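Undergrad: Below is a structure I'd like to ask you about.
The values are calculated or read from the model by the stated rules, or taken from the named source; none is laboratory data. Since this is a predicted model, take the numbers as computed values, not measurements. Counting neighbours? That spans all protein chains shown, and the Cβs are built from the backbone with ideal geometry, glycine included.
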Amino acid sequence: MNRILSVLAISFFLFFSHCTCHKYKKNALNIQVNVIEKLPSKKFIKIAGNFYTTKIDLFNNTDSTVSFWSATCSWEGNWVSNINGLYLYRDCENDWPVLEHLKSKEHHIYEAILRVPDSLKNNKVIEAKLGFMLVKSKLPSTAEDYLNETLLYNIKQQIDTIWSAPFKLSN
């Protein structure tokens, strides 16, 4: 009887250990942010703040393709920051939703300009994180629906946010 209970206990443990690991792997996206250089403020006359060129790598560490909604031009809308006023800056027009596919073990590189608000200019070093909003919902009917409903709802509710490791900016 003890032997049967031992076998059942070990089987139970192995089953749930396997399930937990498998579940974790399905969500294993990773973000790496590399700050390249600080840009001269005179390039951005109409917008206050400090600006940095950045390279952001979104890695798919899973065993399957990850699909998510983004935008053809304003893809930075899928990104949030843990600091108020710090955001990815991009000027674009003619934008619409697009379903992106990131294959297993591959990564996508985003080159962007990161804007740091003037309110942080007295900080010599800023430690920040970027979060990627993994929008997996149904097809938006229009670009406006994507922006106003799906993306903003996910940001507000913090649904499917994958955070980068902290990175530092020197002011």
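Undergrad: Report yes if Ser67 is assigned to a loop (DSSP other than H, G, I, E, B) and touching a strand residue (DSSP E or B) at 6+ places or on another chain (Cβ under 7 Å), otherwise no. Outline the logic, then answer.
TA: Numbers: assigned to a loop (DSSP other than H, G, I, E, B): no; touching a strand residue (DSSP E or B) at 6+ places or on another chain (Cβ under 7 Å): yes.
In short, no.
Undergrad: Same structure again: Under the condition of being at pLDDT 85 or above, among the aliphatic types (A, V, I, L, M) and not in a strand (DSSP E or B), which residue from the stretch 75-120 is surrounded by the most Cβ atoms within 10 Å (Cβ to Cβ)?
TA: Leu86
Undergrad: Out of (1) out of contact with any Leu (no Cβ under 7 Å at 6 or more places or on another chain); (2) within 27 Å of Ser170 (Cα to Cα); (3) hydrophobic (A, V, I, L, M, F, W, C), what's the single condition that is false for Phe51?
TA: (1)
Undergrad: A further question on this structure: Out of the stretch 48-63, which residues are within 15 Å of Tyr89 (Cα to Cα), of a type outside the set (Gly, Ala, Ser) and either in contact with a Lys or Arg (Cβ under 7 Å, 6 or more places away or on another chain) or crowded, with 18+ Cβ neighbours inside 10 Å (or both)? Before you say what the answer is, go through the steps one by one.
TA: Taking the stretch 48-63 and keeping what is within 15 Å of Tyr89 (Cα to Cα), we get 48-56.
Filter once more, keeping what is of a type outside the set (Gly, Ala, Ser): 50-56.
If the condition is that a residue be within 15 Å of Tyr89 (Cα to Cα), of a type outside the set (Gly, Ala, Ser) and either in contact with a Lys or Arg (Cβ under 7 Å, 6 or more places away or on another chain) or crowded, with 18+ Cβ neighbours inside 10 Å (or both), then Asn50, Phe51, Tyr52, Thr54, Ile56 are the ones that fit.
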